[in-house]
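Notes to accompany the following structure.
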Amino acid sequence: MKSSASSVAPQLNLVDAARLPADAVLGYLGSRQSGLSTDEAAQHRERLGDNAVATHSAGATGVFLRQLRNPLLLLLAATAIISIVLGEHTDAFIILGIVVLSVGLGFLNEYRSERAIADLHTRIRHTASVLRDGAFGNLDVSALVPGDIVLIDVGDIVPADLRLLEAHGLECDEAILTGESLPAAKTCEPAAEASAMDLPSCALMGTIVHAGSGTGVVVRTGASTAFGQIAAQLVEHAPQTAFQHGLQRFSGLLVWITMIVTGSVFLILTFTHHSIIESLLFALAIAVSLTPQLLPAIVTVSLAAGARAMAKRSVIVKRLVSIEDFGNMEVLFTDKTGTLTEGRITFASAIGIDGRPSDEVLRLGRLCTPNTSAGTRVLTALDAALCEATDARKITADGVPYLAEIPFDYERRMLSVLVDDGKRRRIITKGAPESVFARCSAVPPALIRLLNENFSAGSRIVAVAARNAADMTTIGPKDECDLIPLGLLLFTDPPKTDAAESIARLERLGIAVKIITGDNDLVARKVCSDIGITVAGTLTGAKLATMNDSQITEALETTTIFSRVSPEQKAHLIRLQRAAGVDVGFLGDGVNDAIALHEADVGISVDSACDVAKDAADVVMLTKDLGILADGVVAGRRIFTNTIKYILMGTSSNFGNMISTSVGSLFLPFLPMLPSQILLNNLLYDFSEMTIPTDNVDEEQVHRPAHWDMRLIERFMIVFGPINALCDFTMFALMLLVYHASAELFRSAYFAESFITQTLIIFAIRTRRVPFLRSSPSWQLAVTTIGVTIIGAILPFSPLGLFFGFAPLPLPFIGLIAAFVIVYVVMVEIAKTFFFRSLTSGKEQPLPSPVDTKTHRTIDHLRFPKRTDS
């Protein structure tokens with residue numbers, strides 16, 4: 001074994017470390033009770049690398065391959081290959097141009113967004129309390145090396161594989177590795193029977209400290225840990241969100257329609273008066289004309305733009321589609337402290353059972369804050385405020401030995417210590433008043449009244465109680481009984497000055513805000529009153545425990561505050577709310593919020609949250625601000641609205657053109673347009689639509705949650721597609737019967753008419769209002785649409801037009817096209833008015849989200865597998 005602290009020690013097998021005495025493990029790792037020096041740690045890190053399983057980086061290859069996973073692009077690629085085989089290189093060139101445009105646009109925007117998000121991820125810090133150079137300090141977990149001594153406490157994610165040196169009521173949730181639902185008790189004693197699946201003297205990377213605290217020496221880091229070895233075998237497959245599922249359903253619908261229509265056209269043309277090759281090329285061109293080729297790119301550009309906008313406000317979107325989840329959100333469950341309040345806990349006073357100020361209650365509260373003199377414990381906000389107050393009043397806990405401790409956990413919601421101040425030995429307990437008083441032999445009615453009065457005033461309250469414990473040397477939860485109440489510690493946490501405005505904005509966006517807190521319901525009511533939240537009803541965790549699921553689901557409609565709830569109850573409330581068909585967001589930052597963050601449609605946390613909460617969240621805010629959430633909601637709804645604009649364009653003009661071109665080919669003595677002309681039409685049209693993600697969105701379209709509604713899309717196709725086809729058929733008749741147009745002239749006029757109407761109609765479809773007069777497009781959309789329309793209109797008169805088989809149009813044909821464009825726009829505007837009026841009459845209801853929107857989470861130094869039990 002190597003025992004020299006100056007050497008770089010080899011890594012130790014974890015099972016061997018569990019069986020060896022702690023001092024032997026320290027010696028093997030070249031460490032000591034005072035930890036490594038900075039220089040020693042640097043040597044270890046240089047040889048072993050960072051303590052990281054996965055990092056957030058923008059991989060160009062991965063982003064590029066994601067652009068290709070779309071059935072529409074596969075259809076285009078197949079069409080291009082067939083065109084090349086048949087010798088139609090112009091057609092193939094145009095199709096490949098469309099593919100390059102779609103893939104390139106999507107790649108550039110997603111890669112740019114991934115880079116921005118990866119850069120922003122570096123601002124999220126995951127730290128551990130590490131003993132270096134003989135003193136504890138916070139250190140980024142990636143810098144941990146074997147031999148470092150680390151402190152772990154309730155709510156921490158264990159940052160590496162540790163051999164425990166101390167354990168105080170320590171329990172770790174190891175479900176992520178073992179699948180066991182119950183936390184595993186830990187000890188610092190060597191385990192002779194230790195095995196790979198049973199390591200009581202070790203804390204494993206990626207597991208969560210469920211209760212207690214401890215210190216341990218790092219044995220293994222990064223990919224060599226038990227967690228890292230499992231993670232290396234995992235491949236990340238994120239399940240689809242409702243948004244992605246809707247896109248896939250829509251794409252699948254179009255693929256089937258395209259296959260049926262183009263197959264039918266090919267067979268009919270082949271068996272009538274056209275050659276097989278001519279029929280096949282025309283059928284493939286029809287297929288391309290129906291395909292919304294830019295749909296993947298439009299979605300990517302929209303999401304990427306939203307992610308970059310959020311990044312500017314220091315919001316990290318861990319997956320692009322999480323932005324769309326914001327738009328779907330109908331109910332936001334949020335904690336109270338730090339979200340609705342300033343999160344700056346200030347000690348107000350200590351009062352005895354007689355209602356008078358009491359320095360003795362304050363001293364006992366300080367005594368029940370263990371190990372503060374050692375400087376190794378991470379204090380809660382309440383304890384930090386308490387210590388600050390006692391220091392200011394020269395009240396200390398120095399010189400009073402701590403004999404034993406029952407650490408705080410979220411089930412008991414209190415902390416107990418065994419102390420001996422020289423006069424007597426006793427157990428001192430402090431915690432949530434309900435929990436502490438439940439373990440008291442008797443509580444004076446006057447103290448209960450005093451408690452309720454201060455709760456109603458908005459104070460946060462900690463109860464203090466004690467009992468004699470002569471001859472006791474250790475204590476456990478069973479000893480927290482027959483306590484005598486001594487008084488109350490009062491703290492204040494004022495509401496945020498901008499909370500009322502943020503809440504009002506969320507409510508205007510159609511989002512119901514509900515408070516889900518571990519605090520008292522009277523305190524929560526006071527905060528809600530101060531910031532303008534109307535409280536419809538309250539439920540406590542104790543009441544929830546007596547209700548069945550149907551009763552809770554019914555109560556969700558009329559309850560605003562859920563108080564004194566356990567972590568499991570938080571998650572259960574969210575599951576039931578989602579089961580009722582409601583899209584749910586949850587904002588939390590504690591270890592007790594992790595399960596609920598995972599269960600919500602969109603989990604939101606903050607950079608100051610514990611690691612397990614940040615890992616469970618979809619979105620991490622570097623500032624805890626409900627106003628930022630409102631911005632996210634608006635961004636999500638704008639993205640969804642602009643995506644739907646493109647889809648509605650494709651299901652109206654594209655579908656209508658396909659009908660008229662397909663039917664015309666069956667009855668005309670020639671093809672209405674050549675395959676290359678159809679493809680050119682689509683290429684130019686796609687250019688005009690590239691700027692849809694930048695478009696303005698009408699105010700009313702962000703005032704309600706956005707949902708996929710396939711029935712609306714199908715109905716829009718059925719209504720507006722035939723309107724387009726009707727105009728085309730009318731023009732066919734006039735060109736043949738009145739103007740007696742030749743095939744070349746017919747195709748030129750039809751190309752110009754179909755392209756101009758197909759392109760300009762975006763101005764009508766993009767809004768439910770009167771275009772331009774009551775709703776203006778973005779300047780980018782206006783410029784690209786009008787510019788491409790001009791190009792399409794003058795193309796038949798250009799030298800390039802001759803290459804594609806066009807002929808210059810005589811003046812009567814130009815007048816005819818202009819008239820049809822005006823008539824078509826007016827018909828669409830009239831139909832649009834009646835169409836959307838029928839929707840607001842209640843005949844159409846949005847479809848519920850058909851799939852789970854959750855995925856597994858990643859943080860900078862850990863990669864967690866997807867839950868399978870939710």
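The values are calculated or read from the model by the stated rules, or taken from the named source; none is laboratory data. Fair warning: this is a prediction, and the values are worked out from it, not measured in the lab. Please note: Cβ atoms are built from the backbone with ideal geometry, for glycine as well, and neighbour counts cover all protein chains shown. Side chains are part of the model used for accessible areas, which takes the heavy atoms of the whole protein and leaves out ligands, DNA and RNA. Shrake-Rupley method; radii C 1.70, N 1.55, O 1.52, S 1.80 Å.
Computed quantities for the displayed model
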{"item": "Backbone N within the range 135-157 under 20 Å of label point (7 Å from Gln33 Cα along the Cβ vector)", "result": "135-137, 147-152"}
{"item": "Over the range 789-842: Rg over Rh, Cα atoms, Kirkwood Rh", "result": "1.26"}
{"item": "Counting DSSP beta bridges with both ends in the chain, the antiparallel % (nearest 5)", "result": "75 percent"}
{"item": "Net charge of neighbours whose Cβ lies under 12 Å from the Cβ of Val150, counting Lys and Arg as +1 and Asp and Glu as -1", "result": "-3"}
{"item": "Separation of alpha-carbon centers, the range 744-795 and the range 156-173, rounded to whole Å", "result": "65 Å"}
{"item": "By accessible area with a 1.4 Å probe, ligands and nucleic acids excluded, highest first: order of Leu726, Leu712", "result": "Leu726, Leu712"}
{"item": "Taking only Cα atoms of the chain, radius of gyration then Dmax in Å", "result": "33.8, 116"}
{"item": "Scattering curve values for the range 437-482, log₁₀ I(q)/I(0), Debye with Cα scatterers, q = 0.22, 0.31 Å⁻¹", "result": "-0.85, -1.21"}
{"item": "Dipole of the chain [Lys/Arg +1, Asp/Glu -1 at C-beta], most positive-end residue of Ala500, Ile794, Leu101", "result": "Ile794"}
{"item": "Accessible surface of Thr730 - all protein chains present, 1.4 Å probe, nearest 10 Å²", "result": "60 Å²"}
{"item": "Rel. contact order, % - alpha carbon contacts under 8 angstrom, at least six apart, the chain", "result": "14 percent"}
{"item": "Extended-chain gain in nm, criterion 0.36 nm per residue less alpha-carbon gap, Thr127 and Glu700", "result": "201.9 nm"}
{"item": "log₁₀ of I(q)/I(0) at q = 0.15, 0.16, 0.24, 0.29 Å⁻¹ - the range 262-317, Debye sum with one point per alpha carbon", "result": "-0.56, -0.59, -0.85, -1.00"}
{"item": "Rounded to 10°, Cα long-axis angle of helix 89-121 versus longest principal axis of the chain", "result": "20 degrees"}
{"item": "Protein-only accessible surface order, largest first, of Arg564, Arg424, Arg774 at 1.4 Å", "result": "Arg774, Arg424, Arg564"}
{"item": "Two-site FRET efficiency, Ala542 against Glu189, from Cβ-Cβ distance with R₀ of 51 Å, rounded to 0.05", "result": "0.85"}
{"item": "Å² per residue, accessible surface of the range 463-609 at 1.4 Å", "result": "38 Å²"}
{"item": "Sulfur and carbon atoms: percent of accessible area, the chain [1.4 Å]", "result": "59 percent"}
{"item": "Added length on full extension, which subtracts the Cα-Cα distance from 0.36 nm per residue, Leu68 to Thr346", "result": "94.5 nm"}
{"item": "Kirkwood Rh and Cα Rg combined as Rg over Rh, evaluated for the range 292-447", "result": "1.21"}
{"item": "FRET efficiency estimate (nearest 0.05) - Cβ-Cβ, Glu166 to Leu839, R0 56 angstrom", "result": "0.30"}
{"item": "Degrees separating the helix 38-48 axis from the principal Cα axis of the chain, which is the longest one", "result": "40 degrees"}
{"item": "Förster radius 25 Å - calculated FRET efficiency between Thr270 and Leu726 (Cβ-Cβ, nearest 0.05)", "result": "0.35"}
{"item": "Cα centroid separation, the range 538-591 to the range 672-710 (Å)", "result": "41 Å"}
{"item": "Computed accessible area, Arg47, all protein chains, 1.4 angstrom probe, square angstrom", "result": "120 Å²"}
{"item": "Convex hull per residue volume in Å³, alpha carbons only, for the range 379-469", "result": "133 Å³"}
{"item": "Accessible surface, per residue, of the range 617-672 when the full set of protein chains is kept, probe 1.4 Å, Å²", "result": "19 Å²"}
{"item": "Which of Glu568, Glu342 is most accessible, then next, and so on - probe 1.4 Å", "result": "Glu568, Glu342"}
{"item": "Accessible area (Å², 1.4 Å probe, nearest 10) - Ile814", "result": "70 Å²"}
{"item": "Mean accessible surface per residue for the range 305-460, computed with a 1.4 Å probe while every protein chain stays in place, in Å²", "result": "41 Å²"}
{"item": "Formal net charge of residues neighbouring Asp593 (Cβ-Cβ distance under 11 Å; K, R +1; D, E -1)", "result": "-1"}
{"item": "Degrees between helix 499-508 axis and first principal axis of the chain (Cα, 0 to 90, nearest 10)", "result": "30 degrees"}
